[in-house]
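Below is one structure; the comments refer to it alone.
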Amino acid sequence: MRHNFGAGPCILPQEVFKQASQAVLDFKDGLSILEISHRTPEFEGVVEEAGKLVKELLNVPAGYSVLFLQGGASLQFAMVPMNLLPEGQTASYLETGVWANKAIKEVANFGTANIVASSKSSNYTFVPKEYSIPEDSAYFHCTSNNTIYGTEMFSLPETKVPVVCDMSSDIMSRVIDVAQYDLIYAGAQKNIGPAGLTVVIVKDEILGKSGRKIPSMLDYKVHAEGGSMYNTPPVFSIYVAMLNLRWLKSKGGVAEIEKENIAKAKALYTEIDRNPLFKGTCAVEDRSRMNVCFVMENPELEKPFLKFAEENGIEGIKGHRSVGGFRASMYNALPITSVHTLIELMQIFAEKHQ
Ligand code: PLP
């Protein structure tokens, strides 16, 4: 059996992949999900159910729209300032990794980014907590989970400024209070569905205030008014997302999966801290539940451990090139039994190399 600790894309349960494959062959009356018109009641039902599931699973309050867009989270880096930052104004950003940094770069096309705090000088090993957000910021932008470095933001700063969050790699993994945010966006590929699909949850009242002309495809308002069907939507990606959200609901929803995610993270971090061969790379209080980054006390053992793990069914734990070592990504679909297998291998390896 393979245990997929890869960072994506796109880690979903086997049963979802099976149902999705079946729909490629026969979604309705022998027609593929890929060929039925997106204007049929059947497909409109898919978009509607996917949107309802997002709202239900995250307990989205009234006054918010759920949008299914394309272009990945990276397009959101530009769409956010294009839609929310009036000419000449400043938006505040918390710089907690390369993705946040890329979001910051896009702001220059529309206005000014004010970096309220950064952990860049420590290679993003922690999430800064001491900073203030100027009250005249058009919005405050943060990244809830820093996929590459393995840090996660478990609380938001107090602010009256609208909050925008890139939740690409921890959305649907833990309970959040959507009312604290004005706009949430996520590339779908970790806990929602196939890469390329982007989910946006936006408070309707913040839209239409930039004073700028926005191309239709980049205008949240256009997509909200068109029910995510302004143009031909990514039908298959939305369908797979719907199946996966159904799976999450059947597991008991976000609160239940959060318990499992806590248990998985606790088990692996406990082993990293206990096993003399390994050490974590991030500040303990900011340790991500989704991406666990660690190295070995003796870097010369890293290659042999990687080989040993791979030979025993572990997939995708090589760390990102900017951190090195290992990154065990533990999205919703990864069973806790896979984490136990990895822990066991770490223990066997330690016995052989002490
Ligand atoms: N933001 C975060 C936190 C990510 O992890 C990623 C990709 O993994 C992105 C943004 C970029 O997403 P995309 O490749 O969908 O544009």
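The values are calculated or read from the model by the stated rules, or taken from the named source; none is laboratory data. Please read these numbers as outputs of a predicted model, since none were measured by experiment. Here the Cβ positions follow ideal geometry from the backbone for every residue, glycine too, while neighbour counts run over all protein chains shown. Accessible surface areas use protein heavy atoms only, side chains included; no ligands, DNA or RNA. Shrake-Rupley method; radii C 1.70, N 1.55, O 1.52, S 1.80 Å.
With respect to the stated conditions, Gln76 fails to be open to solvent by 40 Å² or more (accessible area, probe 1.4 Å), within 13 Å of the ligand (Cβ to nearest atom) and in contact (Cβ under 8 Å) with a residue 40 or more places away in the chain.
Looking at segment 128-151, which of its residues are of a type in the set (A, V, I, L, M) and farther than 26 Å from Gly111 by Cβ? Passing the criteria: only Ile148. Residues of segment 111-124 being part of a loop (DSSP other than H, G, I, E, B) and surrounded by 18 or more Cβ atoms within 10 Å (Cβ to Cβ), which ones? Gly111, Ser119, Tyr124, listed by residue number. From the set of residues in segment 1-38 that are at pLDDT 95 or above, assigned to a helix (DSSP H, G or I) and among the polar types (S, T, N, Q), which is surrounded by the fewest Cβ atoms within 10 Å (Cβ to Cβ)? This residue is Ser21. Test Thr143 against the criterion of being touching a strand residue (DSSP E or B) at 6+ places or on another chain (Cβ under 8 Å), within 10 Å of the ligand (Cβ to nearest atom), closer than 18 Å to Ala91 by Cα and open to solvent by less than 40 Å² (accessible area, probe 1.4 Å), and give yes or no. Yes, satisfied. Return yes when Glu260 is open to solvent by 10 Å² or more (accessible area, probe 1.4 Å), at pLDDT 95 or above, away from the ligand (no atom under 15 Å from the Cβ) and within 20 Å of Glu56 (Cα to Cα) and no when it is not. Yes.
Residue by residue through segment 42-65, note down the ones that are part of a helix (DSSP H, G or I) and among the hydrophobic types (A, V, I, L, M, F, W, C).
Within segment 42-65, the first condition is being part of a helix (DSSP H, G or I), and the residues that meet it are 42-58.
Those that are part of a helix (DSSP H, G or I) and among the hydrophobic types (A, V, I, L, M, F, W, C): Phe43, Val46, Val47, Ala50, Leu53, Val54, Leu57, Leu58.
Total residues in segment 85-110 satisfying the condition of being open to solvent by 20 Å² or more (accessible area, probe 1.4 Å) and either touching a residue at least 60 places away in the same chain (Cβ under 8 Å) or over 21 Å from the mean Cα position of the chain (by Cα) (or both): the figure is 10.
Any idea which of Glu315, Glu302, Glu310 is open to solvent by 10 Å² or more (accessible area, probe 1.4 Å) and without any contact (Cβ under 8 Å) to a residue 12 or more places away in the chain?
Values: Glu315 fails: without any contact (Cβ under 8 Å) to a residue 12 or more places away in the chain; Glu302 fails: without any contact (Cβ under 8 Å) to a residue 12 or more places away in the chain.
Going through Glu315, Glu302, Glu310 in turn, the sole match is Glu310.
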